[in-house]
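The values are calculated or read from the model by the stated rules, or taken from the named source; none is laboratory data. Note that the structure is a prediction, hence the values are computed from the model and not measured. Every residue, glycine among them, receives a Cβ derived from its backbone with ideal geometry; neighbour counts consider all protein chains shown.
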Amino acid sequence: MCLAIPVKIVSIDGDEAETEIAGVRRRVSIALTPEAKLGDYVLLHTGYAIGVIDEAEANETLKLLEEIASLSEVH
Amino acid sequence: MKFIDEYQDNKLARGLAYKIAKRSTKTIRLMEFCGGHTHAILRYGIRQLVPKTVEMRSGPGCPVCVTATADLDKAIALAHLPDVIITTFGDMIRVPGSYSSLQQAKAEGADVRIVYSTIDAVEIAKANPKKSVIFIGIGFETTAPTIAASILKAQQEKIENFYVLSLNKLTPPVMKALLDSGEVKLDGIIGPGHVSVIIGSHPYEFIPRDYRVACVISGFEPLDILLCIDKLVEQIEKGEPKVEIAYPRGVRAGGNRKAWQLTERVFEIGEANWRGIGIVPQSGLKIRKKYERFDADEAFSVSLNLSREPKGCRCGDVIRGAAMPLECKLFRKVCTPESPVGPCMVSSEGACAAYYQYGTPENLQGFKADMEQVDG
C-alpha cells in the first residue's frame with residue numbers, strides 16, 4: 001500500500017497535474033507537492049504525488065553504484 | 001521506465017553483492033519493515049545475493065495485515081448498515097474478519113466498492129448524496145496525508161455524506177514496541193522508503209540511540225535494497241549504528257513538511273490496535289474534534305461480537321517477525337492466495353503472499369529446515 005511509482009508531470013492545472021509513465025497518462029493531485037514543476041518526476045501514491053524526485057541525487061546514487069561495480073571487477 | 005529500470009541492473013547488483021559479501025563477517029539479523037520490501041527481496045532473489053551471514057526477517061509494514069480483526073469486523077458491520085456505501089483499497093475486501101469479510105458482505109447485498117484513491121471515494125460521495133459513503137482509512141504515514149486531503153476537500157466542497165473510519169497507523173512507535181518487546185533480536189532495520197518520503201529520517205533517530213540498532217531507509221528497486229543492506233552491514237561491522245538514507249532521490253531528512261502539516265491538521269495521535277501486537281500507544285491517527293462530522297466512529301454505531309482470530313493462522317507472529325511464513329502449518333496447504341486464512345496471504349504486501357508467489361527453493365536458501373518441518 002505504500003507503493004509509489006515515479007511519473008513525469010506533463011501539464012499542470014491548479015493542484016492537479018497530467019502525468020505520464022511508459023506512455024500511460026493519468027491525472028493526479030499535486031496538492032501535497034506544490035513545489036512540483038513541469039517536467040519533474042513525482043512519486044505517485046494512490047492518486048497523489050507525495051514527493052518530487054531529486055534527479056541530482058538519483059544520478060549520484062547511480063554513479064556510486066557504478067563505482068562499486070567497477071571495483072568489484074578488479075578483483 | 002526512468003528511475004526504475006536503471007536500479008534493476010544486473011551487473012551493478014553483482015558489484016554490490018560482492019561488496020557486501022566481502023564486508024560481512026558477523027552474523028546479523030535485519031528486518032525489512034515494509035511489505036513492499038519483502039516482495040522486492042523475494043521477487044528479485046536478493047536473499048541469494050547476500051551472504052549467509054545476513055539473515056532477513058519481514059516486519060509489520062503491511063497496512064492490511066496489521067489491521068486488527070476487531071477493526072475489520074467494525075468495517076463489515078458498517079457495510080451492513082442501510083444506505084451505506086463502503087469504499088476501500090482493494091486488498092481489504094478479501095481479508096477474513098471474525099465471521100465474514102467485506103467481500104462476503106458485498107455478496108450479501110452490501111454496497112462495497114474498491115477505490116484506487118481517496119479522490120474516488122469523495123467522488124462517489126458526491127454522486128450519491130442520499131447515501132453515506134464511508135472510506136476505510138488504512139495505511140501508514142504515506143497514505144495518511146491523502147486521507148487528510150480527502151477530508152479537507154469534503155469540508156471545502158461541503159460534502160455532507162463522506163466519512164472516514166480512521167485506522168491509520170504510525171511506523172516509528174511500532175518499531176519501538178517491537179524493539180521494546182525484545183522478542184526478535186535485530187541488528188538493523190531496512191527503513192520504509194515511502195513512509196520516509198513523508199516523515200523524513202529524524203523520527204527514527206531513537207533506534208540507534210536507544211537500542212544500538214542500525215536503520216537505513218531504502219527504495220524499492222533491487223539495487224536500492226542492496227545498497228541499503230551494504231550500508232547496514234557497514235554500520236554493524238563498525239559497531240556504529242545510525243540513521244542513513246539510501247534512497248536520497250526520494251527521501252529528504254526533513255520529509256514532506258506540507259504533507260505532514262496537512263495530516264496533523266486533520267488528525268491527532270492516539271493509540272492503535274495492531275494485529276499480532278495489540279494496543280500500541282501513540283501509534284494511530286484519530287480524526288480531530290474539529291473534523292468529527294467526517295469521523296465514521298462518531299457518526300455510526302454498530303454492535304460487535306467478540307472478535308476471534310482464524311484458527312491456526314500465524315499472521316500475528318509473521319507480522320512481528322517472530323515466525324517466517326514457512327513456519328505456519330497452514331501455509332500453502334490450507335492457506336493460499338485463492339483461499340486465504342489470514343491477511344498476510346491476501347495483501348499484495350503480505351509476507352505470506354510474497355513467500356507463496358516467489359518462494360522457489362533457490363530463493364528460500366537457509367529455510368530448508370523450516371520447510372522440512374512443515375512438509376514433514
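Filter segment B:122-155 down to the residues that are more than 24 Å from B:Ser283 (Cβ to Cβ), touching a strand residue (DSSP E or B) at 6+ places or on another chain (Cβ under 7 Å) and within 11 Å of another protein chain (Cβ to nearest Cβ) and list them by number. Passing the criteria: only B:Val122. Checked against the criterion of being in contact with a strand residue (DSSP E or B) (Cβ under 9 Å, 6 or more places away or on another chain), at pLDDT 95 or above, assigned to a helix (DSSP H, G or I) and within 11 Å of another protein chain (Cβ to nearest Cβ), segment B:169-188 has at least one qualifying residue. Being buried (at least 22 other Cβ atoms within 10 Å of the Cβ) and outside any strand (DSSP E or B) holds for only one residue in B:Ile147, B:Ile119, B:Ile86, and it is B:Ile147.
Residues are listed down the side, and each one gets a yes or a no for (1) at pLDDT 95 or above; (2) among the charged types (D, E, K, R):
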position	(1), (2)
A:Leu3	no, no
A:Val7	yes, no
A:Ser11	yes, no
A:Ala22	no, no
A:Ala31	yes, no
A:Val42	yes, no
A:Asp54	yes, yes
A:Ile68	no, no
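Within the option set A:Leu43, A:Leu71, A:Leu32, A:Leu65, being within 26 Å of B:Leu226 (Cα to Cα) and either in a loop (DSSP other than H, G, I, E, B) or touching a strand residue (DSSP E or B) at 6+ places or on another chain (Cβ under 7 Å) (or both) holds for one residue only, A:Leu43.
Test B:Lys106 against the criterion of being among the charged types (D, E, K, R), modelled with pLDDT of 95 or more, assigned to a helix (DSSP H, G or I) and over 26 Å from B:Cys344 (Cα atoms), and give yes or no.
Taking the combined requirement at face value, the residue does not satisfy it.
The residue list B:Glu268, B:Glu221, B:Glu205 contains one member that is at pLDDT 95 or above, under 21 Å from the mean Cα position of the chain (by Cα) and under 30 Å from B:Gln156 (Cα atoms), which is B:Glu268. Of the residues screened, A:Ala22 is not one that is surrounded by 18 or more Cβ atoms within 10 Å (Cβ to Cβ), among the hydrophobic types (A, V, I, L, M, F, W, C), closer than 28 Å to B:Val64 by Cβ and facing chain B (nearest Cβ under 7 Å). In segment A:25-44, of all residues being within 9 Å of chain B (Cβ to nearest Cβ) and under 11 Å from the mean Cα position of the chain (by Cα), the one that is nearest to B:Val251 (Cα to Cα) corresponds to A:Leu43.
Checked against the criterion of being facing chain A (nearest Cβ under 9 Å), touching a Pro at 6+ places or on another chain (Cβ under 6 Å) and under 25 Å from B:Leu179 (Cα atoms), segment B:30-39 has at least one qualifying residue. Looking only at segment B:48-69, filter to residues that are over 17 Å from the mean Cα position of the chain (by Cα), aliphatic (A, V, I, L, M) and outside any loop (DSSP other than H, G, I, E, B); which one of those is nearest to B:Leu304 (Cα to Cα)? Among those residues, the one meeting the criterion is B:Val54. Every listed requirement among (1) within 14 Å of chain A (Cβ to nearest Cβ); (2) farther than 28 Å from B:Glu141 by Cα is met by B:Thr25 save one, (1).
Within segment B:66-80, restricting attention to residues that are out of contact with any Ser or Thr (no Cβ under 8 Å at 6 or more places or on another chain) and over 12 Å from B:Val346 (Cβ atoms), the residue that is surrounded by the fewest Cβ atoms within 10 Å (Cβ to Cβ) is B:His80.
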